[in-house]
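**Student:** Please see the structure below; I have some questions.
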Amino acid sequence: MIRPMMRVNTAVALTIALASLAACDQLPGKPALRVAPPTLDTAAGFAGFYSENCAGCHGADGTQGPARPMRDAVYLAAVPDDAMFNMLRNGIEGTRMPGFGGNRITAVDDAALTAFVKGMRTAWGNASATAPTNIAWAHQPGKADAEHGRELFDARCVSCHPRTQPVGSSATVSGSVTDPFYLRLVSDQHLRTSIVFGRNDLNSAPANMPSAAGPFQDGNGQRVDGALSSSDVDDLVAYLSGLRSSPLYAPPTSAAQSKDETK
Amino acid sequence: MSEMTPKRAIFDALNWLDERTGLFWILRRSVFHRVPRNAKWWYVFGSATMMFFTIQIVTGIVLAMFYAPSAAQAYESLVYINEQVPFGWMLRAMHGWSSNAMCLMMLVHMMQVFLHGSYKYPRELTWVAGVFLCLTTLGLAFTGQIMRWDADAYWGLGIGAAIMDRAPGIGNQLRAVMLGGPQISGATLSRFFALHVFILPGSAIALIGFHLYSVLRQGISEMPKAGEPVVPATYRKEYEERTHKTGVPFYPDAARRDMVFCGAALIVLIGIAAWFGPMGPGELPDPTIIEASPRPDGLFLWIYSALALLPPASETFLLLAVPPVAIAFLAAIPFIFNRGERAPSQRPVSVLIVVLLCTAIGVLTWLGMSSPWGPKMDAWTSTPTAVQYLQQRTPLELQGALEFQFAQCRNCHAIDDAGGQRGPDLTDVATRLSWDQLMRQIQQGGGNMPAYGKALSSSEMQALVAFLSTLDGGDLAATLPGALEQQPARDAVPQADANPAANSSR
């Protein structure tokens, strides 16, 4: 009687062993099949990289950041691929735009940046978008008439951008762009980009920064129509650029008074 | 010559071998040597460490048959092991968890030896070998996580390289030695592969050999008793007498406990591996896909936290000077405290040290897991500022907001809860500090904040303070005369520019 019993036992044990072997395939630890994450040149892959690396300055969804919006089809169409690539790889020297490529440890390699530029165009670009004025994006250092720039500034910009702007007074939010403190922080390219493409994502009441197509305001706040020409933009940039070296004016807080406060 | 039975043939062959190698003598000695009767469950951790090491060797060899140690294929080969090799994922899971278990057991073992003062005469070198084994094991764990060649591996390498970089004078060279070039590349992986499968396991085996040999030679220590200090002149004689009189053979008495404990540990390991599965590989190291928040494996989390919490000014010193000194001290312990009481009750300082270290590492690990406080290393590029703090701002104030990101203030300071939590939230800073106080805080630092005076140009300072002076917590009234009220009209005296050359040329 013992023999058949043992056979049954063996059979049961074998079944259990086989079943648990089969069950092994369903153990909770078994990793799920890997789904390849989206690559950078797709809209989804691009968005991930953007929110990791750009959103802090250029805005969560490509607008409404302290740096200029990237979700701007007209702007994207105007910037050539290689210029965009260079800015991303090396940053813009002397400004707050960091580089993401090159030799540093966390660097992103060139192929990835190229893919990213492609992805950005797929997500936010539109090849046929053109600025009404068709003024080239790139700033070309060269001959420009700063004096004419100054006249233009007086005729079209100064009522929104008064030359002396009380810090923090929100009377004129556009603020002074002639302030050397400000000018020393931005590149000529930034000045040009701002003038050519304007900026309308921050809802700057009472009026947004117009593109080169206008309309502008004269010294008395009256509307001035008429687009700027390419050389007008050059002259304006030359004028603003020349103001960088003017002396810095510090706010007149008295050191003595503030020393008392901290005590 | 008697009749040749199979049994007899085997016996003869073994005898032949023993005569020439003495292997059985060694074996007999290790199996039946006498150990103190009172050496009970406290003594199982060393064996458990070794069991996990054996598992590492076995699973490691099998993994090495599938793993491709090249930058292009490493990751894919791990995915292949996970998905195609039968039970490959289980193999990886066992290797990964057993590595953690080995480190854990090793630390517990070390702690036990330290608390019981077993490192004292005559077991000094056993302890020293143990210290080196500890380093080797941690090295294996670190290089092992590099083998995954995913974003976490990159993180680990990046931190390692950054630490090397700080070595004065030879930083660059050290970094090049570590990475096999100026940056992380295929050469780095080859280098760490060689370390992980040849150099470190080889060293570990040699050290374990010596460690075990010394254990056999010196015998394991008895349970410490208060009032029975170690006196080198008489210790050995007394120990031998005692173990001879009251000791029990290692097998089966002590070995049984080892086996029970190791068996239980093995079952737990298999359970954990089956339940939690293999570690990683995480995100691809493909530079076109960027990992959000890489973290080191659990074992190194406390270092990660410590790095994040250290005041930056002291980091270089702490990173470069403290580990060598600490390790040298650890190895020197048996020579400094060579004799005397072994019982923990007579050595309160040692107990206190262990408790403090465990608490510190435990807390740091916990912080590393949650790390709500740590600098958010990527906040400066990834954390946007809510639009209400950007609307109606002047160009200079917007530049200040940019500088706030660019100078990585955001990694430690939040605005409206978004950003690092290491420094105070600055949403309403303008109601708390005046313009001058803001200036001074940035220039001179203070609290845990570094001084930025030398790092920022006067334009950058001006922009930053202009931006901060607009942060009024959504129209809160100033409690002090804050920067809001003080935002002065900027029309007065020219200020000497601290650093005109740096700013003026574009």
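The values are calculated or read from the model by the stated rules, or taken from the named source; none is laboratory data. No experiment lies behind these values; they were computed from the predicted model shown. In this analysis, Cβ positions are derived from the backbone assuming ideal geometry, glycine residues included, and neighbour counts consider all displayed protein chains. All accessible areas refer to the heavy atoms of the entire protein, side chains included, with ligands and DNA or RNA removed. Shrake-Rupley method; radii C 1.70, N 1.55, O 1.52, S 1.80 Å.
**Student:** Kindly indicate whether any position in the stretch B:59-82 is open to solvent by 40 Å² or more (accessible area, probe 1.4 Å) and either at positive phi or not assigned by TED's automatic domain parsing to the domain that holds B:G280 (or both).
**Tutor:** No: zero hits.
**Student:** Take the stretch B:394-409 and flag every residue that is open to solvent by 20 Å² or more (accessible area, probe 1.4 Å) and aromatic (F, W, Y).
**Tutor:** Scanning the stretch B:394-409 gives a single hit, B:F406.
**Student:** A further question on this structure: Is it the case that the stretch B:309-316 has a residue that's part of a helix (DSSP H, G or I) and modelled with pLDDT of 85 or more?
**Tutor:** Checking the stretch B:309-316: not a single residue is part of a helix (DSSP H, G or I) and modelled with pLDDT of 85 or more.
**Student:** Of everything in the stretch A:41-57, what is in contact with a Phe, Trp or Tyr (Cβ under 8 Å, 6 or more places away or on another chain) and under 14 Å from B:R410 (Cβ atoms)? Give them in sequence order.
**Tutor:** If the condition is that a residue be in contact with a Phe, Trp or Tyr (Cβ under 8 Å, 6 or more places away or on another chain) and under 14 Å from B:R410 (Cβ atoms), then A:N53, A:G56, A:C57 are the ones that fit.
Per-residue answers, yes or no, for (1) small (G, A, S); (2) within 30 Å of B:C134 (Cβ to Cβ); (3) in a helix (DSSP H, G or I); (4) in contact with a Ser or Thr (Cβ under 9 Å, 6 or more places away or on another chain):
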| site | (1), (2), (3), (4) |
| --- | --- |
| B:S47 | yes, yes, yes, no |
| B:V58 | no, yes, yes, no |
| B:Y80 | no, no, yes, no |
| B:M90 | no, yes, yes, no |
| B:S98 | yes, yes, yes, yes |
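**Student:** Hey, can you tell me all the residues within the stretch A:88-121 that are away from every other protein chain (no Cβ under 14 Å) and surrounded by fewer than 19 Cβ atoms within 10 Å (Cβ to Cβ)?
**Tutor:** Hit for the stretch A:88-121 is A:N90, nothing else.
**Student:** Here is a further query. Taking the criterion of being open to solvent by less than 20 Å² (accessible area, probe 1.4 Å) and within 8 Å of chain B (Cβ to nearest Cβ), would at least one residue in the stretch A:30-39 satisfy it?
**Tutor:** no
**Student:** Please state which one of B:G209, B:G263, B:G180, B:G247 is in contact with a Lys or Arg (Cβ under 6 Å, 6 or more places away or on another chain) and assigned by TED's automatic domain parsing to the domain that holds B:G160.
**Tutor:** B:G180
**Student:** Within the set of pairs 6 or more residues apart or between chains, which connect a residue that is under 16 Å from B:Q112 (Cβ atoms) and outside the structural domain of B:R123 (by TED's automatic domain parsing) inside the stretch B:325-354 to a residue that is acidic (D, E) and part of a helix (DSSP H, G or I) with Cβ atoms less than 6 Å apart?
**Tutor:** From the stretch B:325-354, the pairs are B:P334/B:E124.
**Student:** Condition first: in contact with a helix residue (DSSP H, G or I) (Cβ under 8 Å, 6 or more places away or on another chain) and assigned to a loop (DSSP other than H, G, I, E, B). Now tell me which residues in the stretch B:448-469 satisfy that.
**Tutor:** B:P450, B:A451, B:Y452, B:G453, B:L456, B:S457, B:S469, listed by residue number.
**Student:** Right, here's the next one. Can you name the condition, by its number, that B:G22 falls short on among (1) in contact (Cβ under 8 Å) with a residue 12 or more places away in the chain; (2) over 24 Å from the mean Cα position of the chain (by Cα); (3) open to solvent by less than 30 Å² (accessible area, probe 1.4 Å)?
**Tutor:** In the conditions (1) in contact (Cβ under 8 Å) with a residue 12 or more places away in the chain; (2) over 24 Å from the mean Cα position of the chain (by Cα); (3) open to solvent by less than 30 Å² (accessible area, probe 1.4 Å), B:G22 misses (1) alone.
**Student:** From the set of residues in the stretch B:382-392 that are open to solvent by 30 Å² or more (accessible area, probe 1.4 Å) and at the interface with chain A (Cβ under 7 Å from one of its Cβ atoms), which is nearest to the chain's Cα centre (by Cα)?
**Tutor:** Among those that are open to solvent by 30 Å² or more (accessible area, probe 1.4 Å) and at the interface with chain A (Cβ under 7 Å from one of its Cβ atoms), it is B:P384.
**Student:** Restricting attention to the stretch B:72-82, does a residue exist that is under 22 Å from the mean Cα position of the chain (by Cα) and of a type outside the set (D, E)?
**Tutor:** No.
**Student:** Moving on. Kindly provide the set of residues from the stretch A:211-229 that are under 16 Å from A:T130 (Cα atoms) and in contact with a helix residue (DSSP H, G or I) (Cβ under 9 Å, 6 or more places away or on another chain), ordered by number.
**Tutor:** Passing the criteria: A:S211, A:A212, A:G214, A:L228.
**Student:** Would you call B:A451 farther than 29 Å from A:L240 by Cα, crowded, with 16+ Cβ neighbours inside 10 Å and either more than 7 Å from chain A (Cβ to nearest Cβ) or at pLDDT below 60 (or both)?
**Tutor:** no
**Student:** Please find, within the stretch B:133-163, the residue that is farthest from the other protein chains (Cβ to nearest Cβ) out of those that are over 20 Å from B:L200 (Cα atoms) and open to solvent by 20 Å² or more (accessible area, probe 1.4 Å).
**Tutor:** In this case the residue turns out to be B:D152.
**Student:** Inside the stretch A:59-112, can you point out the residues that are basic (K, R) and assigned to a loop (DSSP other than H, G, I, E, B)?
**Tutor:** Those that are basic (K, R) and assigned to a loop (DSSP other than H, G, I, E, B): A:R68, A:R71, A:R96, A:R104.
**Student:** Which residues, taken from the stretch B:412-428, are in a loop (DSSP other than H, G, I, E, B) and over 28 Å from the mean Cα position of the chain (by Cα)?
**Tutor:** B:D416, B:D417, B:P424, B:D425, B:L426, B:T427, B:D428 - these are the residues of the stretch B:412-428 that are in a loop (DSSP other than H, G, I, E, B) and over 28 Å from the mean Cα position of the chain (by Cα).
**Student:** Still on this model: If only one of B:P229, B:P278, B:P224, B:P201 is in contact with an Asp or Glu (Cβ under 6 Å, 6 or more places away or on another chain) and not β-branched (V, I, T), which one is it?
**Tutor:** Testing whether each residue is in contact with an Asp or Glu (Cβ under 6 Å, 6 or more places away or on another chain) and not β-branched (V, I, T) leaves just B:P229.
**Student:** Take A:G125 and tell me if it is more than 14 Å from chain B (Cβ to nearest Cβ) and without any contact (Cβ under 8 Å) to a residue 60 or more places away in the chain.
**Tutor:** Spelling it out, A:G125 is indeed more than 14 Å from chain B (Cβ to nearest Cβ) and without any contact (Cβ under 8 Å) to a residue 60 or more places away in the chain.
**Student:** On to the next question. Within the stretch A:174-215, which residues are among the aromatic types (F, W, Y) and open to solvent by 20 Å² or more (accessible area, probe 1.4 Å)?
**Tutor:** Residue satisfying the conditions is A:F197 alone.
**Student:** Another question, if that's okay. Of all residues in the stretch B:126-140, how many are in contact with a Phe, Trp or Tyr (Cβ under 8 Å, 6 or more places away or on another chain) and of a type in the set (A, V, I, L, M, F, W, C)?
**Tutor:** Going through the stretch B:126-140 one residue at a time, the tally reaches 2.
**Student:** Shifting gears a bit: Assess whether B:D436 counts as being more than 11 Å from every other protein chain (Cβ to nearest Cβ) and among the charged types (D, E, K, R).
**Tutor:** No.
**Student:** Also: Could you grab me the full set of residues in the stretch A:124-140 that are open to solvent by 90 Å² or more (accessible area, probe 1.4 Å) and over 24 Å from A:A43 (Cα atoms)?
**Tutor:** Result: A:P132, A:N134, A:Q140.
**Student:** Residues in the stretch A:31-49: is at least one of a type in the set (D, E, K, R), touching a Pro at 6+ places or on another chain (Cβ under 9 Å), farther than 14 Å from B:T381 by Cβ and not assigned by TED's automatic domain parsing to the domain that holds A:D201?
**Tutor:** yes
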